[in-house]
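Structure first, commentary second.
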Amino acid sequence: MFTRIDHVGIACRDLDAAVAFYRRTYGFEVTHEEVNEEQGVREAMLRVNGTDDGGATYLQLLEPIREDSPVARFLDRNGEGVHHVAFGTSDVAGAAAAVGDRGVRVLDERPRHGSMGSSIVFLHPKDCGGVLTELVQAAGSDDAGESEGTQGTAV
Ligand code: MC0
């Protein structure tokens with residue numbers, strides 16, 4: 001069902017400072033930046049490695065753009081740090097349905113717009129051992145379907 005860790009999402013207060021840290025400390029470079037209005041974030045994707053399913057694994061740095069967004073609430077409660085883990089799949093709707101059948105609350109009724117044109121669904125952290133979990137179907141992967149919501153704005 002899942003073929004890679006697509007990304008680890010990290011909440012930060014200052015995206016530019018976080019990008020500078022990851023570049024200076026580890027040598028990671030930004031592959032893509034966008035604003036996702038629906039999710040209330042400005043984000044940067046830092047590619048760590050390619051994967052043998054044709055995809056890749058990223059660090060995703062997330063800065064909130066609104067006080068009422070999930071990442072802003074997370075920062076208020078926990079401070080900066082790991083916000084979620086995302087698994088890659090070629091069929092996000094199918095994977096979400098399968099996981100839902102196993103008793104996990106699926107937070108999105110239909111896939112939504114994610115980074116770089118992907119389709120995403122979130123699972124409730126309380127049903128996933130305390131880990132907010134995201135399922136990601138990369139843009140252009142085999143079973144790509146329509147996702148709900150607004151497109152992000154690349155910056
Ligand atoms: C909240 N909780 C978490 C958590 N956020 N636990 C682990 N990791 C997190 N990130 C916990 C709270 O501490 C609380 O635990 C319980 O979940 C219920 O939280 P709540 O009070 O209902 O808090 P809310 O209102 O913030 O809702 C939490 C929920 C929400 C996960 C439902 O944040 C959500 O729908 N998230 C999915 C969307 C999202 O996170 N978007 C931002 C990334 P206690 O023990 O106090 O009850 S967007 C993104 O990443 C996109 C752009 C992409 O990948 O392409």
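The values are calculated or read from the model by the stated rules, or taken from the named source; none is laboratory data. Bear in mind that the values here come from a model prediction, so they are computed numbers and not experimental data. Every residue, glycine as well, gets a Cβ built from its backbone with ideal geometry; the counts of neighbours run over all protein chains shown. Remember, those area values only see protein heavy atoms, side chains included, never the ligands or the DNA or RNA. Shrake-Rupley method; radii C 1.70, N 1.55, O 1.52, S 1.80 Å.
Some notes on this structure:
- Only the Cβ atoms of Lys and Arg (+1) and of Asp and Glu (-1) were treated as charged; on that basis the dipole of the chain about its Cα centre amounts to roughly 500 debye.
- Remark: spin-label model distance Lys126-Thr3 equals 3.5 nm, labels positioned 7 Å along the Cα→Cβ axis.
- Only Lys, Arg (+1) and Asp, Glu (-1) charged, at Cβ; the range 1-52 dipole about Cα centre in debye: 300
- Cα centroid separation, the range 54-80 to the range 98-128 (Å): 16
- The value obtained for the chain, namely the Cα convex hull volume divided by the number of residues, is 109 Å³ per residue.
- Point-charge dipole on Cβ atoms (K/R +1, D/E -1) for the range 1-91, about Cα centre, debye to 20: 360
- The helix-only estimate of mean residue ellipticity at 222 nm for the chain, built from DSSP H runs of length n ≥ 4 each weighted as -39500 (n - 2.57), is -6000 deg cm²/dmol after division by the residue total.
- Taking the protein heavy atoms of the range 1-135 in the context of the full set of protein chains, the accessible area attributed to carbon and sulfur is 49 percent at 1.4 Å.
- Nitroxide proxy distance, nm - points 7 Å out along Cα→Cβ at Thr25 and Glu109: 4.1
- Note on the chain: dipole from Cβ charges, positive end direction compared against Gly81, His113, Val92; the farthest Cα belongs to Gly81.
- Shape category assigned to the range 77-143 from the gyration tensor of Cα positions, a/c cut at 1.5: oblate
- Scaled to the globular estimate 2.2 N^0.38 Å, the Cα spread of the range 1-54, given as radius of gyration, is 1.26.
- Taking Lys and Arg as +1 and Asp and Glu as -1, the other residues whose beta-carbon sits under 10 Å from that of Arg13 total -3.
- Neighbours of Ala72 by Cβ distance under 15 Å: Lys/Arg scored +1, Asp/Glu scored -1, total -4.
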